[in-house]
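What follows is a short report on a single structure.
The values are calculated or read from the model by the stated rules, or taken from the named source; none is laboratory data. All figures in this text were calculated on a predicted structure; none of them were measured in a lab. Cβ placement follows ideal geometry from the backbone for every residue including glycine, while neighbour counts extend to all protein chains displayed.
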Amino acid sequence: MSSTFAPDWKPHEECGVFGICCPDGSVNVAYASYNALLAQQHRGQESCGIVVNDRGVMAYSKSMGLVSEAFNKETLDKLPGQMACAHVRYSTAGASVRENAQPLVMRYVKGTIAIAHNGNLTNAYELHEELVKRGCIFQTTIDSEAIAYLIAQARVNTPSIETAVAKALKDLRGSFSLVVMSPQKLIAARDPNGFRPLVIGRIGESTYVFASETCALDACGAQFVRDVEPGEIVMADKDGLHVVQKPTGHHKSLCVFEYIYFARPDSVIDGINVHESRKRAGRLLWEQSPVEADMVIGVPESGVDAAIGYAEASGIPYQKGIVKNNYIGRTFIKPTQGDRERSVRLKLNLIPNAFRGKRVVMLDDSIVRGTTCAHIVTMLKDAGAKEVHLRISSPPFLWPCYYGTDIPDKEDLIACHYSVEEIGKMSFADSIDYLHVENLSRMLGVKDGFCDACFTGHYPAETPDVSVASKTFDYTMPIQRV
């Protein structure tokens with residue numbers, strides 16, 4: 001395919017958070033955090049960290065790379081305690097360096113706090129400019145550090161950490177799901193629009209857990225209690241679970257791409273089963289664009305559920321046709337075009353002799369820049385597929401995201417430059433269709449309560465000022481690590 005677009009890649013969500021409060025010490029909070037991070041590894045593979053609170057003394061371990069590589073039994077055994085917060089990161093703001101790994105730990109006049117943040121602040125640049133003028137010295141280049149400074153400053157003049165958190169969050173714009181740990185308390189907060197998920201779980205009678213997804217609760221043996229509501233702040237301590245601030249009553253705007261791609265299929269977010277929503281997307285694509293075919297396949301991982309739904313609705317057999325190697329890195333970091341194309345074949349490979357003479361319907365979750373789909377369609381036809389019909393379980397990306405999803409600017413979005421039919425031809429598909437925007441609510445089974453701005457341009461909350469949107473902050477001196 002001849003195109004000016006760089007090799008395709010999937011949108012990435014910023015991170016996953018976790019927190020646990022076990023006053024009686026009956027649960028090993030370090031191991032619980034480790035298991036929860038493993039369950040949420042799909043939300044970020046760049047860096048990870050665990051901070052443990054042992055009777056007011058905090059110790060932590062943070063590292064670049066995957067959770068299974070960063071922690072071992074020896075490391076976890078050195079992290080005893082009764083509370084912990086943890087984080088996996090994929091960067092949308094701030095460089096990919098160890099200094100930016102979370103949770104952040106800050107020592108200040110009132111003691112120590114740790115913070116894990118999922119989301120993206122639309123007023124991050126303005127906050128950093130104001131905090132620098134007040135004399136703050138930043139050790140990272142991520143917007144999460146501004147939140148920590150605001151909480152620390154608010155705590156100096158407030159009677160409790162939970163009051164300080166409530167006061168600080170009033171200055172934030174954009175998306176945030178937070179876990180904040182003080183020497184005595186564990187606090188969870190969700191932005192007024194509820195852009196990012198956050199759930200509450202419980203182990204036994206007295207241990208409470210906060211996590212980005214319910215799959216993390218399952219991994220650490222917690223029972224789901226409920227979602228943290230948009231604008232709500234909750235706290236766990238030795239006396240149990242408390243509501244610090246009631247929901248603000250804002251219109252809920254959970255990122256719809258949580259259901260399309262980000263979340264694990266075994267999670268339930270705001271009462272909606274992720275696996276079932278993806279299957280409904282496949283059924284809706286069959287309603288939109290029926291086609292005669294011999295088999296339905298899905299691009300692993302998130303395209304598989306939609307493919308099952310398409311097969312169930314159409315009666316066309318579903319078959320596993322593509323095998324994914326989960327240990328191959330992202331294709332866009334390869335140095336040459338040839339290397340990148342070979343990486344696609346290393347990461348996604350076809351089951352031999354499955355496609356010869358067959359008419360294939362292939363389900364994928366999205367097209368960002370377009371080249372990966374073209375490579376896969378070419379692989380299918382080289383393997384003998386008679387026809388390949390491409391079905392995408394999301395609408396075309398037409399607008400950037402400001403709330404924590406790493407979607408490129410409009411000039412890098414293929415759908416901003418070509419029609420659906422043209423994209424189909426560029427992908428070498430015999431036909432193509434995206435899920436229609438009006439079917440997003442049918443996919444979720446709700447009329448509203450989700451953000452679809454990356455498809456429609458209808459932003460439910462403040463976006464960055466155009467004059468500062470492209471600015472970055474970096475008040476740190478580069479540090480050479482050897």
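Here is how the numbers come out for the structure above:
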read-out: Qualifying positions in region 299-327 - part of a loop (DSSP other than H, G, I, E, B) and not polar (S, T, N, Q); value: Val299, Pro300, Glu301, Gly315, Ile316, Pro317, Lys320, Gly321, Tyr327
read-out: Any strands (runs of 3 or more DSSP E) falling wholly within region 73-171 and containing at least 2 residues that are closer than 27 Å to Leu254 by Cβ and at pLDDT 95 or above; value: 83-89, 111-121
read-out: Top-ranked residue of region 140-183 - restricted to ones that are among the acidic types (Asp, Glu) and over 22 Å from the mean Cα position of the chain (by Cα), ranked as surrounded by the most Cβ atoms within 10 Å (Cβ to Cβ); value: Glu162
read-out: Meets criteria (closer than 25 Å to Pro265 by Cβ, outside the structural domain of Arg196 (by TED's automatic domain parsing) and modelled with pLDDT of 90 or more) for Ile423; value: no
read-out: Set Ala114, Ala86, Ala148, Ala124: member being touching a residue at least 12 places away in the same chain (Cβ under 8 Å), closer than 23 Å to Ile187 by Cα and touching an Asp or Glu at 6+ places or on another chain (Cβ under 8 Å); value: Ala124
read-out: Residue selected from region 439-475 under the condition closer than 30 Å to Phe138 by Cα and aliphatic (A, V, I, L, M), by the criterion modelled with the lowest pLDDT; value: Ala469
read-out: Top-ranked residue in region 37-84 [being surrounded by fewer than 18 Cβ atoms within 10 Å (Cβ to Cβ) and of a type in the set (Lys, Arg); ranked as farthest from Glu258 (Cα to Cα)]; value: Arg55
read-out: Only one of Arg134, Arg107 that is in contact with a Phe, Trp or Tyr (Cβ under 9 Å, 6 or more places away or on another chain), without any contact (Cβ under 8 Å) to a residue 24 or more places away in the chain and assigned by TED's automatic domain parsing to the domain that holds Ala216; value: Arg134
read-out: Among the candidates Gly384, Gly424, Gly404, Gly370, residue that is of a type outside the set (Lys, Arg), farther than 20 Å from Gly309 by Cα and surrounded by fewer than 18 Cβ atoms within 10 Å (Cβ to Cβ); value: Gly384
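Table: residues versus (1) in contact with a His (Cβ under 8 Å, 6 or more places away or on another chain); (2) within 18 Å of Phe176 (Cβ to Cβ).
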| position | (1), (2) |
| --- | --- |
| Ala39 | no, no |
| Cys48 | yes, no |
| Ser68 | no, no |
| Phe71 | no, no |
| Leu76 | no, no |
| Ala86 | no, yes |
| Arg89 | no, yes |
| Val132 | no, no |
| Thr158 | no, no |
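Per-residue answers, yes or no, for (1) in contact with a helix residue (DSSP H, G or I) (Cβ under 7 Å, 6 or more places away or on another chain); (2) at pLDDT 90 or above; (3) outside the structural domain of Asn325 (by TED's automatic domain parsing):
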site: Leu350; (1), (2), (3): yes, yes, no
site: Ala354; (1), (2), (3): no, yes, no
site: Ser366; (1), (2), (3): yes, yes, no
site: Thr371; (1), (2), (3): no, no, no
site: His375; (1), (2), (3): yes, yes, no
site: His389; (1), (2), (3): no, yes, no
site: Ser419; (1), (2), (3): no, yes, no
site: Val437; (1), (2), (3): yes, yes, no
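Quick grid of which residues meet (1) in the same structural domain as Asn123 (by TED's automatic domain parsing); (2) hydroxyl-bearing (Ser, Thr, Tyr); (3) in contact (Cβ under 8 Å) with a residue 12 or more places away in the chain; (4) in contact with a Phe, Trp or Tyr (Cβ under 9 Å, 6 or more places away or on another chain):
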| residue | (1), (2), (3), (4) |
| --- | --- |
| Val179 | yes, no, yes, yes |
| Gln184 | yes, no, yes, no |
| Phe195 | yes, no, yes, yes |
| Glu205 | yes, no, no, no |
| Phe210 | yes, no, yes, yes |
| Cys215 | yes, no, yes, no |
| Cys220 | yes, no, yes, yes |
| Gly240 | yes, no, yes, yes |
| Phe262 | no, no, yes, no |
